[in-house]
Each structure stands twice: as C-alpha cells, then as structure tokens.
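Read the structure below first, then the notes.
What follows is calculated from the coordinates using simple rules that are stated; it is not laboratory data. What you see is a predicted model, and the numbers here were worked out from it, not measured in a lab. Because the Cβ atoms are built from the backbone with ideal geometry, glycine has one as well, and the counts that use them run over all protein chains shown.
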Amino acid sequence: MSGGDYHFAIHKAPRASLRSFFSLRWSRINIITFRNSGFSLIELLVVIAIVSILAGILFPIFAASRSKALQAKCLTNLKQIASAWMLYAEDNNARACPSYYWSNGNYYSWDYSFIDSIPKLGLLGPYTKTGELNRCPAFKGNGWDRPYTGYAYNATYIGGDAMRDGASSVFIRKPCLISEILRPSRTVVFADAGFGNPVSACNYLRAPSDRVSGTFRNGTVHFRHSGFANVAYADGSVRATNTIYRYKPSYAPECGTLSEDDSAYDLK
C-alpha cells in the first residue's frame with residue numbers, strides 16, 4: 001500500500017464447493033420432508049382398523065342388497081309365469097295346464113318338454129316365450145337336466161298327475177277347471193321349490209297329504225330368499241312369505257310347506 005490507497009482482495013469460493021454445499025443442504029431438506037410426510041406404525045394400524053370396521057359394516061349391506069335384487073327378479077319371473085298359466089287356461093276351455101304327461105314316447109311338462117330327449121320349451125312355452133323365466137336367479141342346485149329351474153307347479157290339486165302307459169299316459173288326477181278354485185288368492189299355483197340338503201330342484205309342488213307320487217317332501221317349498229319364499233297364487237298375485245310348516249331341518253334345513261294341512265294347496 002502507498003499513497004493512502006487501499007486494495008481489497010476478494011476471495012471467491014470455488015464453484016465446486018458451492019454446488020456441494022447446496023446439494024448437501026437440499027438433501028437434508030428432502031430427508032426431513034420425507035420423514036414428516038410418512039406414516040408411523042401406529043397410524044397405519046389405526047387406518048387398517050378403520051377399514052376393517054367399515055368393511056364389516058358395508059359388506060353385509062351389499063350382500064343384503066344383492067339378495068333383495070335377486071328376490072325382486074324372482075317375483076317378476078313368477079308373475080309372468082302365473083300370467084302365462086292364466087292365458088293357457090283361457091285358450092283351453094278354462095282348464096289348467098297339465099303338470100306333465102307322456103305322448104308318443106316324449107315327455108311334456110309345464111316348464112320343459114323333452115322331445116327325443118332334447119329339452120324344449122314346455123306347455124307354457126307359447127306364452128312365456130323364453131326358458132329364462134323358469135330360472136330363479138337365487139337357486140343353485142341340481143336341475144335334473146333342465147336348462148333353467150327353481151320353481152314348482154302345484155301338481156296335487158291344480159296340474160294333476162299322470163301315469164305312463166307305454167308310449168303315452170293316463171291321468172290319475174286331471175288338471176282342474178279354473179272355476180273349481182274357490183279361493184284363488186289363497187291357492188298356490190307356483191312357488192320357489194326344492195328338497196333335500198343340499199337343495200335340489202323339484203318341479204312339482206306337493207301338498208302335505210300327497211302320496212300319489214311318493215313323499216310330499218320331494219315337492220316342498222324352498223325358502224331361499226333369506227328365509228322367504230316367493231309364491232304365485234291362482235288369482236295372478238305374487239307374494240313373499242316366511243311362514244314355514246312341516247319343517248324338518250335334519251332333512252332339508254331351508255324347505256317346508258305353506259300350510260300344516262292342504263289348505264294352501266287345495267281348491268276349497
């Protein structure tokens with residue numbers, strides 16, 4: 001220094017050192033941010049517990065909603081089958097559709113007929129137009145070669161019974177006349193049906209006193225809709241009921257009859 005002149009020396013930090021400094025600082029910030037945004041073990045356990053509780057509450061609700069939807073579809077099917085049954089009677093001198101019979105070696109039934117052993121739409125087919133109506137959406141069981149099943153027809157008092165005689169048959173009990181049904185709103189025509197454990201399909205409903213075609217327990221009502229069974233009556237109405245009679249849980253825990261005697265089935 002001379003003559004009062006002062007010289008200041010400015011020392012610049014190397015660029016590499018600055019980059020290292022800021023890089024280290026940002027790394028520390030990122031670590032702190034990550035740690036602060038994560039879940040602790042206790043928080044995770046709380047979330048899992050809440051999800052489990054919600055699942056326990058919601059799943060039964062969803063299952064019940066699905067069951068109700070299947071029951072509603074089943075009611076619709078039975079309503080249309082009952083309508084087809086009434087139309088058949090109108091076209092056949094007010095006589096009910098036969099339950100079944102044989103002709104020329106072929107088997108004809110209300111829901112399906114087996115022509116040369118091939119299932120085709122049955123006696124109500126010209127009115128139902130589709131076999132899908134014969135399927136209860138909630139039924140799962142042995143269908144005995146029927147493409148769709150789940151319902152049974154009152155053979156004891158409405159559709160009658162036939163006995164095979166060679167290639168044809170003779171009626172033991174003829175189908176009734178509609179005018180013979182004195183209480184149409186109380187006489188069952190079709191219903192959710194099944195027998196045994198596990199439940200298998202039955203297509204002919206039997207009153208408790210019926211012994212013509214073996215035990216009535218092979219033609220019982222199946223209370224498959226959360227303890228309810230859908231029933232179609234002779235006046236065309238369809239209702240659900242959970243009143244079960246002749247209940248034998250050791251034989252068929254979901255099946256029974258609609259009355260202790262024949263009053264829900266007969267023509268009186």
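Overview of results
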| read-out | value |
| --- | --- |
| Burial ranking of peptide ranges 103-113, 176-186 (average Cβ count within 10 Å, highest at the top) | 103-113, 176-186 |
| In Hz, Karplus ³J(HN,Hα) per residue of region 90-100 (6.51, -1.76, 1.60; θ = phi - 60°; x = Gly, Pro) | 4, 8, 10, 6, 6, 9, 5, 4, x, 5, 5 |
| Highest average packing first - 243-254, 199-210, 91-102, Cβ atoms within 10 Å | 199-210, 91-102, 243-254 |
| Proximal charge balance of N93 [Cβ under 15 Å; K/R count +1, D/E count -1] | -1 |
| Total formal charge among the other residues, if their Cβ is under 12 angstrom from that of T220, Lys/Arg +1 and Asp/Glu -1 | +2 |
| Neighbour net charge for D262 - beta-carbon separation under 13 angstrom, K R +1, D E -1 | +2 |
| Entries in K73/K140; K79/K248; K73/K174 that, when Cα-Cα distance is taken, lie over 21 Å | K79/K248; K73/K174 |
